[in-house]
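The values are calculated or read from the model by the stated rules, or taken from the named source; none is laboratory data. Bear in mind the structure is a predicted one, so any value in this text is a computation, not a measurement. Quick reminder, even Gly has a Cβ in these numbers, built from the backbone with ideal geometry, and neighbours come from all protein chains shown.
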Amino acid sequence: MDHCAREYDWTMKRSQHRGRPLVPLIGQLRSYDHTWLRGDLTAGITVAALIVPKNLGYAGIAGIPLQNGLYAAAAGAIAYGIFGTCRQISMGPSSGLAAVAASAVLAAGLTGPQDIASFVAGITLASGILFLLVAVLKMGWIAQFLSRAVVTGFLFGAAIDVVVGELPKLTGTDATGSNPIQEFISWLGTLGATHPATLFVGTIALAVVFGLRAVAPGIPGALVLVVGGLLASAVFGLGNKGVALVGHVPSGLPSVQVPDLQLMWDKVGIVAVAAVALALIGFSQTAGDARAFSAKHHYRIDINQESTAQSLANTAAGLFQGMPVSTSLSASSLNDHSGARTGLASLTSGATVLLTLLFLAPLFSNLPQPVLAALIIEAVVMGMMNLREMRRLARVQRFDFWIAVTAIACTVVFGVLAGVIIGIGLSLLWLISVATHPEMPVLGRQPGTQVFRETEGHPGDEVLPDIAVVRFDGGLFFATADALEDRLREAIQSTPQLTGIVLDCEGINFIDSQGAAKLADVVHLTREAGINLRLARLKPAVRATLERDGVVERLGAQMIHGNVHRAVQAEQAATRPAPDGESG
């Protein structure tokens, strides 16, 4: 571990006695090595060159003025650089969050540019407040309620939605529809009115951005495309040939502006749903990336401080008329590879974006719309359509694959925002399904040993004809208690010669009052059936709960054993016929 990592660990340990550090950057700068400065500055400028053109596209997805995307990029990078605990993360707008924002605008029925910009800033601010609540209550674990399969499917569906929405810009036509399917059919009907020059520019733009990714992935295709589009617009006068341009992009820095509170209140339901969706997706992305980079560079992160950093980043983006921000894996990886060692790299990125706004922003006014559309399409196809992950899900766990497919279908049919809600519901249903159906495998004895293991996969293991050995995997509580009784009742009814049941409790690490009551019912059930119930490998905390409820006394302490082998031996000894001349 390098000196900076050791110093940061010391700072974190000391802060545990005084509360979470409010400004982690201070801890990084206290031990700053001047040899890192070049890497931080280089990384910050390099990342800015990547994110400036991309954030123009993200602003286009959300339907807000292009400069607002840069406002969010600067605010997010600076706020996270100061308050974040991961030194390599690049914070800014992303295609997924932009798609959620666009869907919220559509659900709110807004059409005026000013209302749209204010509404997107408002839901960004709302997500920042929600992140702060998560940090205060230390609820960073909520991101785990959105399964990876659901996120994969949602993002894939959102990408389809965005791509279909950008197709008319490539042909110079219009399309309508309440979902991507209707919009795509409408677009097909307008192809007869395609504007030739627009189609030509759009086709070349797509070929350039996807071609560079295929043959020269190290070259920043988005930057090449934007520069090339501006040059082509100036040299060939594309605006005079009927090719639509993005329009006026003013120079200057953003000012603090509170979103229209009346508009937020009128659409409070949509704002709440959008804020929850943004927080879940944004935090799951950032938390995962932060853990990966901290593990790679051997330092610790604070998940609750990460929530605070995301809160401040989104709050700043919302107050400066921006859009939602989270981590970008591609930008963060570039930040890492370019030599970023501290949050100073993120501050450099933010400062570079501000300089761009001051001196270069008007240049983007002449960017052709089909070039921007190609930039957006490339961003969502490569960043959100994860075919590799879909293939992995199909290979590893087919149920997860169909969950992802369902999320795609719901997002495409019902919209991005509805897709997020349905995705959360699918995640919770899957969690409930898993929690209420614990595994209870039958165990057999490995030949020549005292080891008992699952019979599935070990067909040669010895299964005792008169003793059922069952392991319960999971907590024994209100949601799983009935499953235990059903499983043991099934074993009793299916094996007439059964004399004993050994319940391996190694997997039971928690039991509640209902679980204890159910175990008492099982004791009564087995006794009525004339069968001995023995418990093996009972954890101390679980045993303490059973003792308080009187279950141990009812069962008998002699029926609890240290391992499965001893339990089976005791049961065999208890049921072995007595020798001639001896009483039972």
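Structural remarks
- Criterion violated by Ile424 - all others in (1) surrounded by 14 or more Cβ atoms within 10 Å (Cβ to Cβ); (2) out of contact with any helix residue (DSSP H, G or I) (no Cβ under 8 Å at 6 or more places or on another chain); (3) of a type in the set (A, V, I, L, M) satisfied: (2)
- Any hit, region 474-485, residues being at pLDDT below 90 and farther than 21 Å from Ala541 by Cβ: no
- Where Thr499 falls short, out of the listed (1) over 16 Å from Met440 (Cα atoms); (2) surrounded by fewer than 16 Cβ atoms within 10 Å (Cβ to Cβ): (2)
- Members of region 242-270 found to be surrounded by fewer than 17 Cβ atoms within 10 Å (Cβ to Cβ) and of a type in the set (Gly, Ala, Ser), listed by number: Gly242, Gly247, Ser251, Gly252, Ser255, Gly269
- Filtering Leu231, Leu280, Leu263, Leu223 for residues that are in contact with a Pro (Cβ under 8 Å, 6 or more places away or on another chain), in the same structural domain as Ala135 (by TED's automatic domain parsing) and not basic (Lys, Arg) leaves a single hit, Leu223.
- Region 414-437 residues that are over 14 Å from Leu146 (Cβ atoms), paired with ones that are basic (Lys, Arg) (beta carbon under 6 Å, 6 or more apart): none
Residue-by-condition table, conditions (1) of a type outside the set (D, E, K, R); (2) closer than 28 Å to Ala516 by Cα:
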{"position": "Glu439", "(1), (2)": "no, yes"}
{"position": "Gly444", "(1), (2)": "yes, yes"}
{"position": "Pro459", "(1), (2)": "yes, no"}
{"position": "Leu464", "(1), (2)": "yes, yes"}
{"position": "Arg471", "(1), (2)": "no, yes"}
{"position": "Gly475", "(1), (2)": "yes, yes"}
{"position": "Phe478", "(1), (2)": "yes, yes"}
{"position": "Leu488", "(1), (2)": "yes, yes"}
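- Cβ-Cβ under 6 Å pairs, at least 6 apart or on other chains, region 137-152 side surrounded by fewer than 18 Cβ atoms within 10 Å (Cβ to Cβ), far side assigned to a helix (DSSP H, G or I) and at pLDDT below 80: Phe145/Ser427
- Out of Leu535, Leu498, sole residue that is hydrophobic (A, V, I, L, M, F, W, C), part of a strand (DSSP E or B) and within 23 Å of Glu462 (Cα to Cα): Leu535
- Scanning region 109-122 for residues that are touching a residue at least 12 places away in the same chain (Cβ under 8 Å) and either more than 25 Å from Gly247 (Cα to Cα) or surrounded by fewer than 19 Cβ atoms within 10 Å (Cβ to Cβ) (or both) turns up Pro113, Asp115.
- Any chance Thr315 is modelled with pLDDT under 90 and over 30 Å from Pro368 (Cβ atoms): no
- Residue match in region 436-444 (condition: over 25 Å from Val105 (Cα atoms) and within 18 Å of the chain's Cα centre (by Cα)): no
- Selection of region 135-193 for residues being on the phi > 0 side of the Ramachandran plot and of a type outside the set (Lys, Arg) yields Gly172, Gly177.
- Residue identified as closer than 22 Å to Ala98 by Cα and in contact (Cβ under 8 Å) with a residue 60 or more places away in the chain among Phe156, Phe184: Phe156
- Which listed residue is among the small types (Gly, Ala, Ser) and within 18 Å of Thr286 (Cβ to Cβ), from Ala75, Ala62: Ala75
Every residue, every condition in (1) more than 30 Å from Gly415 (Cβ to Cβ); (2) assigned to a loop (DSSP other than H, G, I, E, B), yes or no:
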position	(1), (2)
Leu170	no, no
Phe184	no, no
Leu206	no, no
Ala222	no, no
Gly228	yes, no
Ala232	yes, no
Gly239	yes, no
Val249	no, yes
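- Ser94, sole failed condition from (1) surrounded by fewer than 24 Cβ atoms within 10 Å (Cβ to Cβ); (2) within 17 Å of Ala290 (Cα to Cα); (3) hydroxyl-bearing (Ser, Thr, Tyr): (1)
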